[in-house]
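First comes the structure, then the notes that go with it.
The values are calculated or read from the model by the stated rules, or taken from the named source; none is laboratory data. What you are looking at is a predicted structure, and each value in this text was computed from that prediction instead of being measured. Backbone-built Cβ (ideal geometry, glycine too); neighbour counts: all protein chains shown.
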């Protein structure tokens, strides 16, 4: 990891402020396209809340449904007296230079909180957007899903089309209370010269459920993250689903960690990674520290043409009776699968693309239909670069 | 329809087929017997054109076209279809989607076809993922029904299938070969039969399939050679009584 330390002096962490954007539809067609590909609907149809952070400013924030509160983190810190129970409680602000930067010079981030028992059926959408050349962005997000409530968040991160170089540093802390359920779908849509350092952690209380989806289909210069979820209450469930594509020039070091700290907890990590020339380090760690608990880790990697996939699955049990398993495979598409489809009349290219689409399928993520369509369209568009 | 001339096929350095000559006519059902390892599957795979099977000599002619070295999908498009014995699982590819693709642009009633093989509840499952022996056969048949080939290659339609499923599979194979023939207002049964020209090449060990399909001819494949052309039931009876010992004597 040492070798991938960023030189933060290269980026502009001051001065890239913008005024409010009342209506997201007024943004340029290109920007809207970038937002769309990150899961953000500028029409804000079927959304319970909407949030946009641009470079160093929160420019748009709306709550459209009772039972959920969407705010800029700075406003939330004021309103809730510094959020003593939530702000920097899961992540050490001195962990590394990125958390330090976010601590010292906070630009913003979203604060999303449900009311007890509120079932928010429509997703909250949020986007952290970089539009300025060379901008460095310090973000801190807090998500609190109160007892017995349900929430779906679509969190898109993107850079504008013409941005060459940028850095995104993002701290996220998740609190899933008793019996609460959060589906969190993060779509990254970065650029060739963008460095990204999310630092995320969450706690899940008794019978809480956290489904975490992650999609990265476009090139990113250097991305490193390792979100960790602690299942602290009995019956808590966590699942990570990731679909990651690394074209030539991408360096992606990503992993998920699930800590099964209480009995009757379950954790699952499923990652599909595909390289067409980039490097993917796919980590995974499930720790079973209470019984009974169950964990399963699956990392599958496809190398199309060239590239590197380094899968590092780890299982750790400290009690007899933990049930942990993993399945990892890195390779190319099996010739047998291609020939099977060819025997049904597809040519080699069609067969390959059918298999790749199956491999990258996002069905299990339970995305809203229009977002699923966008993701599938992005996958089929990126296919041109894949082969 | 299919003409194979002096076909020699290698797997790696090993010659498995040693000069096969075979003709199958339009609408004809041909049964292939033979002990394990005699080259039956290799013959099917070579007709379909799979990569691991190297044709070193001879020709395969289908519908008057030399397909000896044609890629797999061109053979499929020409009208050759195959039921696989152990098809691979393709994660994320729904059975429904594959069946649609088998139809190659023709409109196809996937649900209706699936109901015929009692497979409608599998359409949204990943193809071959966790399918049992019988389920694999039904899925293969469903794909072939959508594909509508003129020559169907079946590798052991009865293997891994329980008795109840065997009847369903047997009648479906028959339907695939003979069509859905019955009294119809516009065309006589004879007319219907004449217009249907689906041929079949079926590998069988047990012969159960013979109770369902109307097999025209049969031959034994033994150590890479075709021998003993006779009526299918005669060969089956002979093998049941004497095994393949006689083949050795014939070929000497």
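Observations on the structure shown:
- Residues in region B:54-73 that are crowded, with 16+ Cβ neighbours inside 10 Å and at the interface with chain A (Cβ under 9 Å from one of its Cβ atoms): B:72, B:73.
- Number of the exception - residue B:50 against (1) modelled with pLDDT of 95 or more; (2) in contact with a strand residue (DSSP E or B) (Cβ under 9 Å, 6 or more places away or on another chain): (2)
- Test: residue in region A:92-108 that is modelled with pLDDT of 95 or more and within 16 Å of the chain's Cα centre (by Cα): no
- The numbered conditions (1) at negative phi; (2) in a loop (DSSP other than H, G, I, E, B); (3) more than 14 Å from chain A (Cβ to nearest Cβ) are all true for residue B:111 except (2).
- Summed over region B:78-88, the residues that are within 11 Å of another protein chain (Cβ to nearest Cβ), surrounded by 15 or more Cβ atoms within 10 Å (Cβ to Cβ) and not in a strand (DSSP E or B) give a count of 5.
- Leading residue by the ranking (nearest to the other protein chains (Cβ to nearest Cβ)) among those in region A:306-354 that are in contact with a helix residue (DSSP H, G or I) (Cβ under 7 Å, 6 or more places away or on another chain), surrounded by fewer than 21 Cβ atoms within 10 Å (Cβ to Cβ) and without any contact (Cβ under 8 Å) to a residue 12 or more places away in the chain: A:347
- Taken together, B:105, B:92, B:134 contain a single residue that is closer than 29 Å to residue B:63 by Cα and either touching a residue at least 24 places away in the same chain (Cβ under 8 Å) or within 13 Å of chain A (Cβ to nearest Cβ) (or both), which is B:105.
- Candidates B:143, B:148: the one that is within 14 Å of chain A (Cβ to nearest Cβ), surrounded by 14 or more Cβ atoms within 10 Å (Cβ to Cβ) and either modelled with pLDDT of 95 or more or in contact with a helix residue (DSSP H, G or I) (Cβ under 7 Å, 6 or more places away or on another chain) (or both) is B:143.
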